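Working notes for the structure below.
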Amino acid sequence: MHLVQCWTNKKTGSQPAKCHGHHVESHADVKRGTFCHRRAQIGDLQLAISQTNSPLPKDSTFESIASNTSSETKSEIKIENFDLEMNPILTASAFLLFVAGLSLAYLDPEKTIPDEEKWLVTKTAYFDLSIDLNEPKRVLIALFGEAAPNTVNNFAALSKGTYRGDPKFGYKGSKIHKVVKDFIIQGGDITSEDGTGGKSIYGNYFNDEPFYHSHQAPGYISMANKGPDSNSSQFFILIQRARWLDGKHVVFGKVIEGMEYIKEISDMDVTEGGMPKRLITIEDCGLIRHEPYVLPEDQR
(Lines give C-alpha, C1' and ligand atoms only; values in the text may rest on other atoms or scores of the structure.)
Protein backbone atom coordinates (compact mmCIF):
# COMPACT_ATOMS: atom_id res chain seq x y z
CA MET A 1 0.00 0.00 0.00
CA HIS A 2 1.72 3.13 -0.94
CA LEU A 3 0.07 6.32 -0.26
CA VAL A 4 -0.30 9.51 -1.70
CA GLN A 5 0.42 11.20 -4.62
CA CYS A 6 -2.35 11.50 -6.90
CA TRP A 7 -1.58 15.18 -7.10
CA THR A 8 -0.52 17.69 -9.69
CA ASN A 9 2.87 19.34 -9.48
CA LYS A 10 2.17 23.09 -9.59
CA LYS A 11 5.45 23.85 -11.38
CA THR A 12 5.53 21.11 -13.98
CA GLY A 13 1.91 20.13 -14.29
CA SER A 14 3.02 16.50 -14.09
CA GLN A 15 0.80 13.94 -12.45
CA PRO A 16 1.28 10.26 -11.67
CA ALA A 17 -0.92 7.90 -13.60
CA LYS A 18 -2.21 6.05 -10.58
CA CYS A 19 -1.68 5.23 -6.92
CA HIS A 20 -1.37 1.83 -5.35
CA GLY A 21 -2.46 0.82 -1.91
CA HIS A 22 -3.17 3.10 0.98
CA HIS A 23 -3.59 6.56 -0.37
CA VAL A 24 -4.46 10.18 0.23
CA GLU A 25 -6.10 12.04 -2.63
CA SER A 26 -4.87 15.44 -3.68
CA HIS A 27 -7.17 18.32 -4.57
CA ALA A 28 -6.39 18.13 -8.28
CA ASP A 29 -7.55 14.58 -8.92
CA VAL A 30 -10.47 12.25 -8.79
CA LYS A 31 -12.56 10.07 -10.81
CA ARG A 32 -12.53 6.62 -9.35
CA GLY A 33 -15.06 4.81 -7.34
CA THR A 34 -15.93 5.15 -3.78
CA PHE A 35 -18.73 3.94 -1.63
CA CYS A 36 -19.94 5.82 1.38
CA HIS A 37 -22.63 4.70 3.76
CA ARG A 38 -24.02 6.62 6.73
CA ARG A 39 -27.13 6.19 8.79
CA ALA A 40 -29.17 8.88 10.46
CA GLN A 41 -32.21 8.34 12.63
CA ILE A 42 -34.72 10.92 13.88
CA GLY A 43 -37.82 9.63 15.60
CA ASP A 44 -39.46 7.10 13.32
CA LEU A 45 -37.38 8.14 10.33
CA GLN A 46 -34.44 6.02 9.30
CA LEU A 47 -32.37 6.94 6.32
CA ALA A 48 -29.69 4.92 4.68
CA ILE A 49 -27.83 7.11 2.27
CA SER A 50 -25.47 5.57 -0.20
CA GLN A 51 -23.40 7.12 -2.92
CA THR A 52 -21.82 4.91 -5.51
CA ASN A 53 -19.42 5.84 -8.28
CA SER A 54 -17.77 3.49 -10.75
CA PRO A 55 -16.62 0.21 -9.16
CA LEU A 56 -13.12 -0.16 -7.78
CA PRO A 57 -10.66 -1.96 -10.03
CA LYS A 58 -9.97 -5.55 -9.19
CA ASP A 59 -6.24 -4.97 -8.80
CA SER A 60 -6.84 -2.58 -5.88
CA THR A 61 -5.34 0.30 -7.81
CA PHE A 62 -6.83 3.59 -6.67
CA GLU A 63 -6.79 6.99 -8.21
CA SER A 64 -7.53 10.11 -6.19
CA ILE A 65 -11.03 11.07 -5.24
CA ALA A 66 -12.15 14.61 -5.96
CA SER A 67 -13.71 16.85 -3.39
CA ASN A 68 -16.70 17.70 -5.55
CA THR A 69 -19.14 15.03 -6.58
CA SER A 70 -18.99 14.48 -10.32
CA SER A 71 -21.97 14.51 -12.64
CA GLU A 72 -21.52 10.77 -13.04
CA THR A 73 -22.26 10.14 -9.37
CA LYS A 74 -25.46 8.21 -8.81
CA SER A 75 -27.25 8.44 -5.49
CA GLU A 76 -29.60 5.87 -4.07
CA ILE A 77 -31.78 6.73 -1.12
CA LYS A 78 -33.63 4.04 0.77
CA ILE A 79 -36.32 5.01 3.26
CA GLU A 80 -37.50 2.72 6.04
CA ASN A 81 -40.51 3.15 8.33
CA PHE A 82 -41.58 6.41 6.71
CA ASP A 83 -45.14 6.98 5.54
CA LEU A 84 -46.67 10.18 4.13
CA GLU A 85 -50.07 10.84 2.64
CA MET A 86 -49.61 14.02 0.60
CA ASN A 87 -49.48 15.25 -2.94
CA PRO A 88 -46.76 13.07 -4.53
CA ILE A 89 -44.94 15.97 -6.20
CA LEU A 90 -44.99 18.17 -3.10
CA THR A 91 -44.07 15.22 -0.94
CA ALA A 92 -41.10 14.30 -3.11
CA SER A 93 -39.82 17.89 -3.27
CA ALA A 94 -40.19 18.45 0.46
CA PHE A 95 -38.56 15.15 1.22
CA LEU A 96 -35.54 15.81 -1.00
CA LEU A 97 -35.01 19.17 0.69
CA PHE A 98 -35.28 17.48 4.07
CA VAL A 99 -32.78 14.77 3.12
CA ALA A 100 -30.31 17.37 1.82
CA GLY A 101 -30.54 19.34 5.05
CA LEU A 102 -30.28 16.23 7.18
CA SER A 103 -27.23 15.03 5.27
CA LEU A 104 -25.47 18.36 5.71
CA ALA A 105 -26.28 18.38 9.39
CA TYR A 106 -24.96 14.86 9.79
CA LEU A 107 -21.68 15.68 8.08
CA ASP A 108 -21.22 18.95 9.97
CA PRO A 109 -18.87 18.20 12.88
CA GLU A 110 -20.15 21.11 14.93
CA LYS A 111 -23.69 19.65 14.87
CA THR A 112 -22.85 16.05 15.62
CA ILE A 113 -20.66 16.16 18.73
CA PRO A 114 -20.16 18.71 21.53
CA ASP A 115 -16.91 20.66 21.45
CA GLU A 116 -15.80 19.31 24.80
CA GLU A 117 -15.95 15.79 23.33
CA LYS A 118 -14.71 16.64 19.85
CA TRP A 119 -11.52 18.27 21.15
CA LEU A 120 -10.98 16.07 24.18
CA VAL A 121 -7.40 14.77 24.25
CA THR A 122 -7.52 11.42 26.00
CA LYS A 123 -3.98 10.26 25.18
CA THR A 124 -0.74 11.71 23.87
CA ALA A 125 1.69 9.67 21.78
CA TYR A 126 5.32 10.45 21.09
CA PHE A 127 7.52 9.53 18.16
CA ASP A 128 11.32 9.87 18.33
CA LEU A 129 12.16 10.36 14.65
CA SER A 130 15.69 10.07 13.30
CA ILE A 131 17.16 11.02 9.92
CA ASP A 132 19.82 8.60 8.67
CA LEU A 133 20.04 7.17 12.19
CA ASN A 134 21.28 10.46 13.63
CA GLU A 135 20.11 11.82 16.97
CA PRO A 136 16.31 11.56 16.98
CA LYS A 137 13.94 14.43 17.73
CA ARG A 138 10.63 14.03 19.55
CA VAL A 139 7.19 14.70 18.08
CA LEU A 140 4.12 14.79 20.35
CA ILE A 141 0.67 13.88 19.01
CA ALA A 142 -2.53 14.68 20.91
CA LEU A 143 -5.19 12.02 20.29
CA PHE A 144 -8.94 12.70 20.16
CA GLY A 145 -10.18 9.60 21.96
CA GLU A 146 -13.82 10.67 22.28
CA ALA A 147 -14.21 11.68 18.63
CA ALA A 148 -12.48 8.58 17.21
CA PRO A 149 -12.14 5.96 19.97
CA ASN A 150 -11.42 2.92 17.79
CA THR A 151 -8.90 4.75 15.66
CA VAL A 152 -7.15 6.22 18.69
CA ASN A 153 -7.03 2.86 20.50
CA ASN A 154 -5.43 1.27 17.44
CA PHE A 155 -2.87 4.06 17.03
CA ALA A 156 -2.11 4.15 20.76
CA ALA A 157 -1.62 0.39 20.96
CA LEU A 158 0.81 0.45 18.03
CA SER A 159 2.55 3.52 19.49
CA LYS A 160 3.52 1.53 22.57
CA GLY A 161 6.25 0.12 20.34
CA THR A 162 5.11 -3.46 20.01
CA TYR A 163 1.64 -4.95 20.40
CA ARG A 164 1.17 -8.01 22.61
CA GLY A 165 4.90 -8.62 22.74
CA ASP A 166 5.28 -8.99 18.97
CA PRO A 167 8.38 -6.95 17.97
CA LYS A 168 7.05 -6.63 14.43
CA PHE A 169 3.61 -5.42 15.51
CA GLY A 170 4.04 -1.74 16.31
CA TYR A 171 5.44 1.54 15.06
CA LYS A 172 8.85 1.25 16.73
CA GLY A 173 11.51 0.80 14.06
CA SER A 174 9.14 1.52 11.17
CA LYS A 175 9.82 4.10 8.48
CA ILE A 176 8.33 7.25 7.05
CA HIS A 177 7.93 5.83 3.56
CA LYS A 178 6.19 8.66 1.72
CA VAL A 179 6.74 12.40 1.50
CA VAL A 180 4.89 14.89 -0.64
CA LYS A 181 6.29 18.39 -0.31
CA ASP A 182 3.78 20.94 0.98
CA PHE A 183 1.20 18.19 1.44
CA ILE A 184 1.92 15.25 3.79
CA ILE A 185 4.39 12.80 5.26
CA GLN A 186 3.18 9.21 5.62
CA GLY A 187 4.22 6.24 7.71
CA GLY A 188 2.86 3.30 9.64
CA ASP A 189 3.39 0.48 7.14
CA ILE A 190 4.52 -1.97 9.80
CA THR A 191 4.52 -5.02 7.53
CA SER A 192 6.08 -3.92 4.23
CA GLU A 193 7.56 -0.45 4.92
CA ASP A 194 6.83 0.70 1.39
CA GLY A 195 3.18 1.67 1.56
CA THR A 196 1.76 -1.66 0.39
CA GLY A 197 1.19 -3.21 3.82
CA GLY A 198 -0.04 -2.53 7.32
CA LYS A 199 -2.42 -4.12 9.82
CA SER A 200 -4.50 -3.05 12.79
CA ILE A 201 -5.10 -4.48 16.25
CA TYR A 202 -8.61 -5.40 15.03
CA GLY A 203 -7.43 -7.40 12.01
CA ASN A 204 -6.23 -6.39 8.59
CA TYR A 205 -8.70 -3.49 8.38
CA PHE A 206 -11.23 -1.68 10.51
CA ASN A 207 -14.12 0.64 9.67
CA ASP A 208 -14.18 4.40 9.42
CA GLU A 209 -15.55 6.38 12.33
CA PRO A 210 -17.61 9.58 11.95
CA PHE A 211 -15.63 12.34 10.26
CA TYR A 212 -15.95 14.81 13.12
CA HIS A 213 -12.64 16.57 12.44
CA SER A 214 -11.51 18.41 9.34
CA HIS A 215 -8.13 18.40 7.62
CA GLN A 216 -8.17 22.11 8.39
CA ALA A 217 -4.55 22.95 9.21
CA PRO A 218 -0.96 21.65 9.30
CA GLY A 219 -0.24 19.05 11.94
CA TYR A 220 -3.46 17.04 11.86
CA ILE A 221 -2.91 13.29 11.70
CA SER A 222 -5.30 11.12 9.72
CA MET A 223 -5.67 7.52 8.59
CA ALA A 224 -4.41 6.50 5.16
CA ASN A 225 -6.66 3.98 3.47
CA LYS A 226 -7.57 2.10 0.29
CA GLY A 227 -11.11 3.43 0.28
CA PRO A 228 -13.99 3.42 2.77
CA ASP A 229 -13.63 1.19 5.84
CA SER A 230 -10.09 0.05 5.01
CA ASN A 231 -8.04 1.53 7.87
CA SER A 232 -5.05 -0.44 9.14
CA SER A 233 -1.88 1.10 10.61
CA GLN A 234 -0.86 3.64 8.00
CA PHE A 235 -1.27 7.32 8.82
CA PHE A 236 -0.30 10.68 7.39
CA ILE A 237 0.47 14.08 8.91
CA LEU A 238 -0.63 17.21 7.10
CA ILE A 239 1.88 19.88 6.09
CA GLN A 240 -0.87 22.24 5.06
CA ARG A 241 -4.67 22.36 5.01
CA ALA A 242 -6.32 19.75 2.80
CA ARG A 243 -10.07 19.91 3.33
CA TRP A 244 -10.85 17.95 0.16
CA LEU A 245 -9.85 14.90 2.21
CA ASP A 246 -12.72 15.49 4.66
CA GLY A 247 -15.23 12.66 4.64
CA LYS A 248 -12.68 10.23 3.15
CA HIS A 249 -10.04 9.92 5.87
CA VAL A 250 -10.56 9.87 9.64
CA VAL A 251 -8.71 12.64 11.46
CA PHE A 252 -7.88 11.44 14.98
CA GLY A 253 -5.20 13.73 16.40
CA LYS A 254 -2.92 16.75 16.09
CA VAL A 255 0.81 17.32 16.38
CA ILE A 256 1.31 19.64 19.36
CA GLU A 257 5.10 19.59 19.51
CA GLY A 258 7.77 19.00 16.86
CA MET A 259 5.93 20.31 13.82
CA GLU A 260 9.07 22.16 12.68
CA TYR A 261 10.81 18.80 12.44
CA ILE A 262 7.90 17.35 10.46
CA LYS A 263 8.18 20.24 8.00
CA GLU A 264 11.92 19.65 7.73
CA ILE A 265 11.25 16.04 6.77
CA SER A 266 8.65 17.13 4.21
CA ASP A 267 11.25 19.27 2.43
CA MET A 268 13.61 16.36 1.80
CA ASP A 269 14.44 15.04 -1.63
CA VAL A 270 12.39 12.04 -2.70
CA THR A 271 12.42 9.44 -5.41
CA GLU A 272 10.04 9.60 -8.34
CA GLY A 273 7.62 7.48 -6.34
CA GLY A 274 7.71 9.81 -3.34
CA MET A 275 9.97 7.75 -1.06
CA PRO A 276 12.46 9.86 0.93
CA LYS A 277 16.05 9.52 -0.27
CA ARG A 278 17.16 9.63 3.36
CA LEU A 279 16.22 7.06 5.99
CA ILE A 280 13.56 8.40 8.35
CA THR A 281 12.89 6.02 11.24
CA ILE A 282 10.63 5.96 14.27
CA GLU A 283 13.46 5.01 16.64
CA ASP A 284 11.20 4.93 19.67
CA CYS A 285 7.58 5.65 20.50
CA GLY A 286 5.15 5.45 23.37
CA LEU A 287 2.35 7.12 25.32
CA ILE A 288 2.50 9.94 27.87
CA ARG A 289 0.11 9.61 30.80
CA HIS A 290 -2.08 12.57 31.67
CA GLU A 291 -5.61 13.47 32.61
CA PRO A 292 -7.94 14.11 29.65
CA TYR A 293 -8.09 17.76 28.62
CA VAL A 294 -9.71 19.87 25.91
CA LEU A 295 -7.22 20.98 23.26
CA PRO A 296 -6.80 24.79 23.53
CA GLU A 297 -8.15 26.78 20.60
CA ASP A 298 -4.72 28.20 19.74
CA GLN A 299 -3.49 24.64 19.08
CA ARG A 300 -6.36 23.57 16.83
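The values are calculated or read from the model by the stated rules, or taken from the named source; none is laboratory data. Quick caveat: nothing in here was measured; it's all calculated off a predicted structure. Virtual Cβ from ideal backbone geometry, glycine too; neighbours counted across all protein chains shown. For the accessible areas, the whole protein counts, side chains as well, though only heavy atoms, and no ligand, DNA or RNA atoms are used. Shrake-Rupley method; radii C 1.70, N 1.55, O 1.52, S 1.80 Å.
Just a yes or no: is a residue in region 280-297 open to solvent by less than 30 Å² (accessible area, probe 1.4 Å) and of a type in the set (Phe, Trp, Tyr)? No: zero hits.
Just to be sure I understand, how many residues within region 265-279 are more than 22 Å from the chain's Cα centre (by Cα), touching a residue at least 40 places away in the same chain (Cβ under 8 Å) and exposed (fewer than 13 other Cβ atoms within 10 Å of the Cβ)? Before you say what the answer is, go through the steps one by one.
Restricting attention to region 265-279, the residues satisfying the condition of being more than 22 Å from the chain's Cα centre (by Cα) are 268-272, 277-279.
Pick out the ones that are also touching a residue at least 40 places away in the same chain (Cβ under 8 Å) and you get 268, 270, 278-279.
Still in the running and exposed (fewer than 13 other Cβ atoms within 10 Å of the Cβ): 279.
The total comes to 1.
If only residues of region 155-202 that are crowded, with 21+ Cβ neighbours inside 10 Å and among the hydroxyl-bearing types (Ser, Thr, Tyr) are counted, the one that is nearest to Asn231 (Cα to Cα) is Ser200. Residues in region 217-234 that are farther than 14 Å from Lys248 by Cα and open to solvent by 40 Å² or more (accessible area, probe 1.4 Å): Pro218 only. Of everything in region 205-227 that is part of a strand (DSSP E or B), touching a Leu at 6+ places or on another chain (Cβ under 8 Å) and not small (Gly, Ala, Ser), the residue that is nearest to Asn150 (Cα to Cα) is Ile221.
Taking region 261-296 only, how many residues are part of a strand (DSSP E or B) and among the acidic types (Asp, Glu)?
Applying the first criterion (part of a strand (DSSP E or B)) to region 261-296 yields 270, 276, 280-288, 293-294.
Subset that is among the acidic types (Asp, Glu): 283-284.
Count: 2.
Please enumerate the residues belonging to region 235-257 that are surrounded by fewer than 20 Cβ atoms within 10 Å (Cβ to Cβ) and in contact with a strand residue (DSSP E or B) (Cβ under 6 Å, 6 or more places away or on another chain). Within region 235-257, Ile256, Glu257 qualify.
What residue, among those in region 228-260 that are assigned to a loop (DSSP other than H, G, I, E, B) and in contact with a Gly (Cβ under 8 Å, 6 or more places away or on another chain), is farthest from Ile282 (Cα to Cα)? Write out each step before concluding.
As a first pass, look at region 228-260 and keep what is assigned to a loop (DSSP other than H, G, I, E, B): 228-230, 232-234, 239-242, 246-250, 258.
Now drop any that are not in contact with a Gly (Cβ under 8 Å, 6 or more places away or on another chain), which leaves 232-234.
Values: Ser232: 18, Ser233: 14, Gln234: 13 Å.
Only one residue fits best here, namely Ser232.
Taking the conditions (1) of a type outside the set (Val, Ile, Thr); (2) touching a Leu at 6+ places or on another chain (Cβ under 9 Å); (3) closer than 19 Å to Ala157 by Cα in turn, Tyr202 satisfies each one other than (2).
Here is a yes/no grid of residues against (1) modelled with pLDDT under 95; (2) over 18 Å from Tyr261 (Cα atoms); (3) not polar (S, T, N, Q):
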{"position": "Ile113", "(1), (2), (3)": "yes, yes, yes"}
{"position": "Leu129", "(1), (2), (3)": "no, no, yes"}
{"position": "Glu135", "(1), (2), (3)": "no, no, yes"}
{"position": "Ile141", "(1), (2), (3)": "no, no, yes"}
{"position": "Phe144", "(1), (2), (3)": "no, yes, yes"}
{"position": "Lys175", "(1), (2), (3)": "no, no, yes"}
{"position": "Gly187", "(1), (2), (3)": "no, no, yes"}
{"position": "Gly197", "(1), (2), (3)": "no, yes, yes"}
